[in-house]
Structure formats: C-alpha cells, structure tokens
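What follows draws every value from the coordinates through simple rules; no lab data is involved. Just so you know, these numbers come straight off a predicted model, no measurement behind them. Cβ placement follows ideal geometry from the backbone for every residue including glycine, while neighbour counts extend to all protein chains displayed.
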Amino acid sequence: MQLANPMRVLVLVALLAPTPSAAQEANVGPRLWGSLEPGAHAVGYRSWWAFDDARRYAMTLDGGGKYGPAARPVLVNVWFPATRADDAEAMEYAEYFEIESDERGVGAYSSALASYARDVAAEYTVGWVPDSQDAGGRARFDALLATATACVRDAPPAAGTFPLVLYHSGYGSSFEDNSVLCEFLASHGFVVAGSAFPKGDGSSFNIDAFEGSLRDLDVLVRSVASRVPTADAMRVGMAGHSGGAHTTVRYRAEPASVVDAIVLLDTTQDAHGLSDPRWEFPTRALERIDAMSTPMLVTANAEASFVLMDGLVHAERDYLTLDALGHNDFISQGVLLLESTGSDEDARVARYEYDELCRAIRAFFTSALADDAAAFEGVRERWSSTPLGGPDPNLVHVPRGVSVPPVYAPQPGIPPTPRQLRGYLNALDPSEAADRMLALFAAHPDAPIFGPNVSFGLMMESVFAGDSERARELARAYRTIRPTMARSMVTISGWYTTPRRIPFRRAVLEAAELLAPGDEGVAAARDALGD
C-alpha cells in the first residue's frame, strides 16, 4: 500500500482537525460526509451489550485471558433520528470504539474487541498499521479519531417511529466500517443497528457471516425493539458489504424473516457464475427462492453479470453499478483511505460515486419501508440511460418475473453487457464464440466484458462444467485479450489453502494450463498441489 507523502499528511491532518468547517457552517453535512446532505433529524447514537443465553460462547484472548464459556455477548450499536439541540456536542470518531463494559463479565472481552476494531480501522481508513514505525500514519489516524461525527451520544430521540435498518460489515472489517451511511440514514428518518458479528466458534473477531451472524441478528432486532421505542420492527431493511452482503441474503432467506428490503454492497460474486464453489449463499437463496421476494438493491462494479440475482424472479431488483469504486470503496472506510493515501483524482471520483450510492440507498429504503413508493423513481430515471462502465452510476431495473436480460443483437458501436454475454456466447459453437470474442475485443477493448473478473468467470465456468472444447477455444481468445491471465490464475490459486479448496485450486490451474501450455510457473504450481 502506497502511503502519502509528508505534504499530503499535513493537508490531511488539517482537513480532519476537529474545528468547525465551512461545510458544517453551511449545513451541508458533517466533515466526513463529503457532499451528502443531512436530513431533517439530528443523529443520536447509543451502544450497549446484549447477551444470548441460548448460546454458549468462549474465546481465548490475546495474552492468555479468556471469556466464557458463557452467554454469547452481542454488541449493539444504534444510530437513530434525534431532536436537535444547539448545545449538543458531536461525538468524535474515537468514541465508536468506546464499547468496554463490565456487565456480566464481558470486560476483558469488550476491551479486546475494541482494540481489534480500532487496529482494523486504522489500516482501512488511513493506511496505518498500528505498532509500525510510520509516524505519518499515526498522525493521520489520531486526526481521524479526533474528527467530529454526525452523532450525539445518547441524544433525545425524535418523536415518532421510524423504519429499522440492520447493517452487517464485511470480512476483516470493523463494526463502524460504513458509519457515514449509518449516520446519513439516521438523519433521514431511519433507526440503523449494527454489531460486530464475531465468529461463532470463538476463533476470531472476524465476522462469522453464517449461523453465528444470523443468530446475532435475531438478538439485535429483539434488543433494539425493546430498548429503542422509536424503532419500528414491523418495517425492517438490511444492508451488508462483502461477507455482510452474503449474510444479508442468508438472513432474508431464513424462515419467517423479518426483513422487508435488502441492499447488497459488492458481494464479489456478481461477476461469476453459479458453478463457482467459493460462495455458498447463492445456493441458500435459490433453495429458498420463494422467500427471496422482497425488493433488492444490488450494487457492484460494471463487470457484474448478476446471474444469481437474475434467477431471483419473485423479487423486484435494481442493479446499480459504480465502476470507480473498488471493493472497499462501497463503504466509507475505503473512501477515507483514498482521501488519505490515494491520488486526488481517485479520491474525488470515488467520493462522488460513494455519495451517490448513499443517496440511492436512502431513496431505496424510503421507497420500500417508508410508504413512499415513488421515492426511488428519481434514481431510476437519473441513472438508467448512463453508459455502463462510464463516469456515472448505471442502474438497471428488473421487474418481478423477469429472469434473463435482453438478448444481445450485434450492432456497430455497442458491445454486449456482462449480463448479456453468457447468453450470446452460449448460442454459438465454441470456435465461433471465441472468434466473436476476439472481434468484439478488437472493436471495444475497454468494454466491461473484457475485465478480469468477467474473463475469469467465463473461463472457469467452462472448466467447472467439463466442457473441454469450449474451455480450449475461450483460452485461445483470452491469450490475445488477457495475455497475463494464466499468471493471475496461478496467483489466485495460491489464495485458497484449506483442504476443501483443493478441487477449486486444481480447476483454476487446469484453466491456466489451457491459457499458457508449457508455462513453467503453471507447471510448478500444479506439481506443488500434487495429485
């Protein structure tokens, strides 16, 4: 990771310093909000611990300490619409990590979780690895910790009741990883609740994303419903990023799910087919397809083909692609990192798309949960005709009952979209399909269909299916389209080291051999994997 030069460090520290900003004075939003507009409400924030006595949980802490076996502790963080007060003091970012409690023996555990989350946030917001000798990184993180958020801790709640939105962070992240979105939604009339969701077996503070997360979400809903009277637990949305997006699908697919609308922030699966074994949640969704009937806003970059989402025909779906956003830029941590260590242009473009993403999520939840069906129509109208992969977001609306994209008809100047590509190629014999790919590449080399994820997904689908002829012909095309693809596949195969991933690794290296016959690096990787 490239860190900022000294001048950029000084500029960032100045920007994050907790003095009033021109943006705040003009009432256009708190310092970390970019261009986002505050809603009608102030933002209150509360945090507490709930305990699930139905589950035994134990964890060995760093330094030899231990929690449990005892009831599963569940951190509850809540952003809520609050009443405005002129003398209210905004909470600093550091206070998100003030979760220590002595309740029911959770003291050492809560301190360890706070330390873990703070260290993760340091790396993912300003590029500083704690305990390193990077003085500039420490200065950047200290400045962020001292920055005012939009929140007032324990503020008086606003009058009325408001829809509840659950938020689940992603793998390797910290529980406040998308705090800007959570604050923004609260200011516009939503109660937002999140947690840390650590692994259910006590092995790590990394998110569980499976059964442990699902049961924590049950506890979260019950605890918020009992302690936040303004939260309307009869109108519930859920959003999640990465592994949290996978969990969002799983939780919606639960029997008697309370969730009425979902937002998926870059699942990472959307550019790949259903045969790729790295993700389990598509199987869960398709097995319980009748339950997957609530409105969905699915966000990804322009390479997404949305094969799974196209199959969820009982739901109304909106596919929002934002091509400037890297995986972690779909959350506020990633944008803060770019603003801290990236180029000015990359930071500017990512902030623009992230802010538009937050506005789209607000409009989506307003439409689905707040009795305003027309609220999202403006987003659809604004982004439905923009070019896929261009500088602006692109949105495709898919009504209930629709399972396939429009068939691609070759025409000058217009390549197929990633959603259309599979159907277009599958209608051709393998040799003709490869020739058409090469012709499309010659005419549109920068089209999203030639991105690394689409290319990897198509190549692997033919290998997973045992279609050797199609795999060989696609490899012929990709030697021209992506000449370093075999080398990338060797790298990808090395990411998956558990025994259950050996079949996947073997398939990836089989594809690499087709792409680069006789390549010594591929052969060495195959030999290292063994039989």
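Lys199's amide H: which non-local residues (gap 5+, or another chain) put their own amide H closer than 5 Å, with H modeled 1.01 Å from N in plane and none for Pro or chain starts? Those qualifying (amide H under 5 Å, at least 5 residues apart or on another chain) are Ser204, Asn206, Asp208.
Working note: Karplus 6.51/-1.76/1.60 with θ = phi - 60° gives the stretch 204-211 the couplings 6, 7, 4, 5, 7, 6, 10, 4 Hz, where Gly and Pro are set to x. Residues with amide H under 5 Å of Cys151's amide H, sequence separation 5 or more or different chain, H placed in the peptide plane at 1.01 Å from N; which? Correct list: Met91. Couplings for the stretch 334-339, taken from phi via the Karplus curve 6.51 cos²θ - 1.76 cosθ + 1.60 with θ = phi - 60°, read x, 5, 4, 5, 4, 5 Hz in order; Gly and Pro are left as x. So what's Rg/Rh here for the stretch 130-287, counting alpha carbon atoms and using the Kirkwood radius for Rh? Rg divided by Rh gives 1.01. Provide the per-residue ³J(HN,Hα) series for the stretch 388-399, in order, calculated from phi with Karplus coefficients 6.51, -1.76, 1.60 and θ = phi - 60°, each as a whole number of Hz, with x at glycine and proline positions. Along the stretch 388-399, the couplings run 5, x, x, x, 10, x, 10, 10, 10, 9, 10, x Hz. For Ala40 and Asp429, a Förster radius of 45 Å and the Cβ-Cβ distance give a FRET efficiency of 0.15, rounded to the nearest 0.05.
Each peptide in 109-121, 368-380 receives the mean, over its residues, of other Cβ atoms within 10 Å, and ordering these scores from highest gives 109-121, 368-380.
Take peptides 198-204, 268-274 and line them up by average Cβ neighbours within 10 Å, highest first, as a rough protection proxy.
Sorting 198-204, 268-274 by mean packing, highest first, produces 268-274, 198-204.
Straightening the chain between Arg436 and Glu287 buys 50.1 nm, computed as 0.36 nm per residue apart minus the Cα-Cα spacing. The Stokes-Einstein estimate for the chain, based on a Kirkwood radius over Cα pairs and taken at 37 °C with 0.692 mPa s viscosity, is a diffusion coefficient of 134 µm²/s. Which of the three applies to the stretch 418-529, rounded, prolate or oblate, going by the alpha-carbon gyration tensor with a ≥ b ≥ c and a/c under 1.5 meaning rounded? Prolate shape, in that a/c is at least 1.5 and a/b is the bigger ratio.
DSSP finds beta bridges in the chain, and of those with both partners inside it, around 50 percent are antiparallel.
Enclosing the Cα atoms of the stretch 471-531 in their convex hull gives a volume equal to 74 cubic angstrom per residue. A simple count of charges around Tyr167, restricted to other residues whose Cβ falls under 13 Å of its Cβ and scoring Lys, Arg +1 and Asp, Glu -1, yields -4. With helices as the sole contributors, the chain gives -12500 deg cm²/dmol at 222 nm; each DSSP H run of n ≥ 4 counts as -39500 (n - 2.57), and the sum is divided by every residue. Cα centroids of the stretch 181-226 and the stretch 109-154: 21 Å apart. The amide H of Val398, built 1.01 Å from its N in the peptide plane, has Arg317, Asp318, Tyr319 as neighbours under 5 Å, considering only residues 5 or more places off or on other chains.
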